[in-house]
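Derivation of every value follows stated rules applied to the coordinates shown; laboratory data play no part. Since this is a predicted model, take the numbers as computed values, not measurements. Glycine also receives a Cβ, built like all others from the backbone with ideal geometry; neighbour counts cover every protein chain displayed.
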Amino acid sequence: MSSSGDNSGENSRESSGKNIYMIRAVEPAKPISFDGAKCTGCNSCVNACPIDLLLPSRSKGETPTVGYPDECWYCGCCVMECAFGAVKLRHPLMNRARWVDKDSLGG
């Protein structure tokens with residue numbers, strides 16, 4: 001710690017000579033979303049998930065619940081199983097590929 005009291009790189013504050021550490025709340029991932037207009041509540045996506053990430057809807061016609069979003073493998077089984085196109089999978093930014101046309105690179 002520097003003598004100037006600069007804690008810009010640390011997640012703490014000094015108050016009355018004591019360090020107070022703050023915990024940053026991290027929002028869970030939201031890998032799967034459902035289009036309520038397209039979803040029939042058939043729960044075929046629930047049955048397709050290899051890690052039981054989804055919880056079946058409580059009543060017919062409602063979308064399933066994403067019970068454990070941080071556990072998603074991003075395999076896409078739920079998306080492929082849905083006959084109505086109601087399931088959308090959103091990959092984390094670090095897993096997204098950005099394709100560039102070879103001709104645009106020049107040279």
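Being in contact with a Cys (Cβ under 9 Å, 6 or more places away or on another chain) and of a type outside the set (Phe, Trp, Tyr) is the filter here, so list the residues in region 81-107 that pass it. Working first, answer last.
Filtering region 81-107 for residues in contact with a Cys (Cβ under 9 Å, 6 or more places away or on another chain) gives 81-84, 86-87, 89.
Result: GLU81, CYS82, ALA83, ALA86, VAL87, LEU89.
Report yes if ARG90 is within 17 Å of the chain's Cα centre (by Cα) and more than 22 Å from LYS38 (Cα to Cα), otherwise no. Talk me through it step by step, then tell me what you get.
On the way: within 17 Å of the chain's Cα centre (by Cα): yes; more than 22 Å from LYS38 (Cα to Cα): no.
Against the criterion (within 17 Å of the chain's Cα centre (by Cα) and more than 22 Å from LYS38 (Cα to Cα)), ARG90 does not qualify.
Whether any residue in region 26-49 is on the phi < 0 side of the Ramachandran plot, in contact with a His (Cβ under 8 Å, 6 or more places away or on another chain), surrounded by 14 or more Cβ atoms within 10 Å (Cβ to Cβ) and assigned to a loop (DSSP other than H, G, I, E, B) is what I want to check.
yes
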